[in-house]
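Only one structure is covered here, and it is reproduced in the block below.
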Amino acid sequence: MLSGGYQKITRPRKVKTLNTRNELNIGLYQRLYLARRCEEKIVALYHENDMRTPMHMSMGSEAIAAGVCHALKESDQIFGTYRSHAIYLAKTLDADGFFAEMYGKDTSRIKGKGGSMHLCFPQRGFMGASAVVGNPLPVAVGAAFANKVQKNNKIVAVFFGDGTTDAGQFWESVNVASLMKLPVLFICEDNELAVHSPKSTRRGYQSISNVISQLNCHVLEENTTDAEVIYNLVTKAIQSIRIAEKPCFITLKYYRYLQHVGIKEDFQIGYRSRAEFEEWYKIDPIKVQREKLHNLGLSEKDVAIIEKEIDTQIGRSIEKAKKAPFCGTDELYKGVFA
């Protein structure tokens, strides 16, 4: 459950499960639903102008966040981009801290200094996110090197969009990780776009997976909105990292529902069509997982219990964030190194 803003995902009260696979898929759905509903609340409330931070929404990509984060241990570490709502929530389950930061309040772990694009919760393995394209990659590789030296058995997962693969630090990071055989999982969230630019205008090669496979790096890819499929793929990737002692690169496809930055659609701009969105929405990750729960034997009432618990927690988290105080001006001088 999600009481108190964070708690390990467990079976909701009153929901009977039949086997381990049911437990797995309930856990995946809780992560999916939490991420989606938190962002839907942002869309509903943003006009109030109390969340004064630019928003890069994760809607459409939740299966990636849920599948990857559910496969990782709590002690494993992840690094994210400016579009990190879903991976932050899937890794930490921290609805309280999430909304406290969206509202810039003192109750946030980073005191409102980060906003939507710089979320951070190291105690739960979310090491940080960056607004600069490609920035998390070399930092994640450094963390993986530290883990290898310390022999602490931690895996580092770093998330980035396919536009990041056009940046030099991407190639440097994957190369160094491959050369040094570091325990790092590169997660490419591929929506075919770098902001508005398609791959055809950016790349002189056909397949990033084929290129990366030339390095000492295990390569996987999947085109699915099924969180369980992604969970199983990442579990396989983690095993390969531990056994072969080399990094793994995974490309996962998704469709970004809203505009690059903001809370609205952008089909009227002309670089993509509503028809494309409608095709993807037929396999929306929330719909896919909800249907799977029914196929596994959970009733509509069972699923409604799961959703109600999460909705109740989100409502509480928002109210707490709204009522919380802002930091004092002395906070401006804390954590400043020059």
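I'm trying to understand the selection: among the residues of region 213-262, which are within 21 Å of His85 (Cβ to Cβ), hydrophobic (A, V, I, L, M, F, W, C) and surrounded by fewer than 20 Cβ atoms within 10 Å (Cβ to Cβ)?
Result: Leu258, Val261.
I'd like the full set of residues that are hydroxyl-bearing (Ser, Thr, Tyr) and out of contact with any helix residue (DSSP H, G or I) (no Cβ under 7 Å at 6 or more places or on another chain), limited to region 182-210. Let's see the steps before the verdict.
First, the residues of region 182-210 that are hydroxyl-bearing (Ser, Thr, Tyr): 197, 200-201, 205, 207, 209.
Listed by number, the residues that qualify are Ser197, Ser200, Thr201, Ser207, Ser209.
Residues in region 225-248: is at least one without any contact (Cβ under 8 Å) to a residue 12 or more places away in the chain and small (Gly, Ala, Ser)?
No; the residues of region 225-248 include none that is without any contact (Cβ under 8 Å) to a residue 12 or more places away in the chain and small (Gly, Ala, Ser).
From the residues in region 70-88 that are touching a helix residue (DSSP H, G or I) at 6+ places or on another chain (Cβ under 7 Å) and polar (S, T, N, Q), which one is nearest to Gln150 (Cα to Cα)?
By that ranking, first place goes to Gln77.
Any idea how many residues of region 106-130 are at pLDDT 95 or above, out of contact with any Cys (no Cβ under 8 Å at 6 or more places or on another chain) and in a loop (DSSP other than H, G, I, E, B)?
7
Looking at (1) exposed (fewer than 14 other Cβ atoms within 10 Å of the Cβ); (2) in contact with a Gly (Cβ under 8 Å, 6 or more places away or on another chain), which is the only condition Ser299 fails?
Checking Ser299 against (1) exposed (fewer than 14 other Cβ atoms within 10 Å of the Cβ); (2) in contact with a Gly (Cβ under 8 Å, 6 or more places away or on another chain), the one that fails is (2).
For region 177-193, does any single residue satisfy the condition of being farther than 13 Å from Gly80 by Cβ, acidic (Asp, Glu), in contact with a Lys or Arg (Cβ under 6 Å, 6 or more places away or on another chain) and crowded, with 19+ Cβ neighbours inside 10 Å?
Taking every residue of region 177-193 in turn, at least one turns out to be farther than 13 Å from Gly80 by Cβ, acidic (Asp, Glu), in contact with a Lys or Arg (Cβ under 6 Å, 6 or more places away or on another chain) and crowded, with 19+ Cβ neighbours inside 10 Å.
For residues in region 211-241 being under 26 Å from Met180 (Cα atoms) and β-branched (Val, Ile, Thr), which is farthest from the chain's Cα centre (by Cα)?
Of everything passing the filter in region 211-241, Val211 is farthest from the chain's Cα centre (by Cα).
What is the residue count in region 103-120 for residues that are free of Cβ contacts under 8 Å to residues at least 60 places away in the same chain and over 18 Å from Asp330 (Cα atoms)?
Final tally of qualifying residues: 3.
Within region 264-304, can you find the residues that are of a type outside the set (A, V, I, L, M, F, W, C), in a helix (DSSP H, G or I) and without any contact (Cβ under 8 Å) to a residue 40 or more places away in the chain? Don't jump to the end; show me each part of the working.
Keep residues of region 264-304 that are of a type outside the set (A, V, I, L, M, F, W, C), which gives 264-266, 268, 270-274, 276, 278-279, 281-282, 284-285, 287, 289-292, 294-295, 297, 299-302.
Now narrow it down to the ones that are in a helix (DSSP H, G or I): 268, 274, 276, 278-279, 281, 285, 287, 289-292, 294-295, 300-302.
Passing the criteria: Gln268, Arg274, Glu276, Glu278, Glu279, Tyr281, Lys287, Glu291, His294, Asn295, Glu300, Lys301.
I need every pair where a residue in region 35-62 that is on the phi > 0 side of the Ramachandran plot has its Cβ under 6 Å from the Cβ of a residue that is at pLDDT 95 or above, sequence separation at least 6 or different chains.
Gly60/Tyr254; Gly60/Tyr255; Gly60/Arg256; Gly60/Tyr257
Applying the selection to region 24-79, what residues are outside any helix (DSSP H, G or I) and basic (Lys, Arg)?
Once the filter is applied, which keeps residues that are outside any helix (DSSP H, G or I) and basic (Lys, Arg), region 24-79 yields Arg52, Lys73.
So which residues in region 75-119 are hydrophobic (A, V, I, L, M, F, W, C) and under 17 Å from Pro54 (Cβ atoms)? Don't jump to the end; show me each part of the working.
Here is the first cut: in region 75-119, the ones hydrophobic (A, V, I, L, M, F, W, C) are 78-79, 86-87, 89-90, 93, 95, 98-100, 102, 110, 117, 119.
Passing the criteria: Ala86, Phe98, Phe99, Met102, Ile110, Met117, Leu119.
The values are calculated or read from the model by the stated rules, or taken from the named source; none is laboratory data. Everything quoted here is computed from the prediction, not taken from an experiment. Positions of Cβ are backbone-derived with ideal geometry, glycine not excepted, and every protein chain shown enters the neighbour counts.
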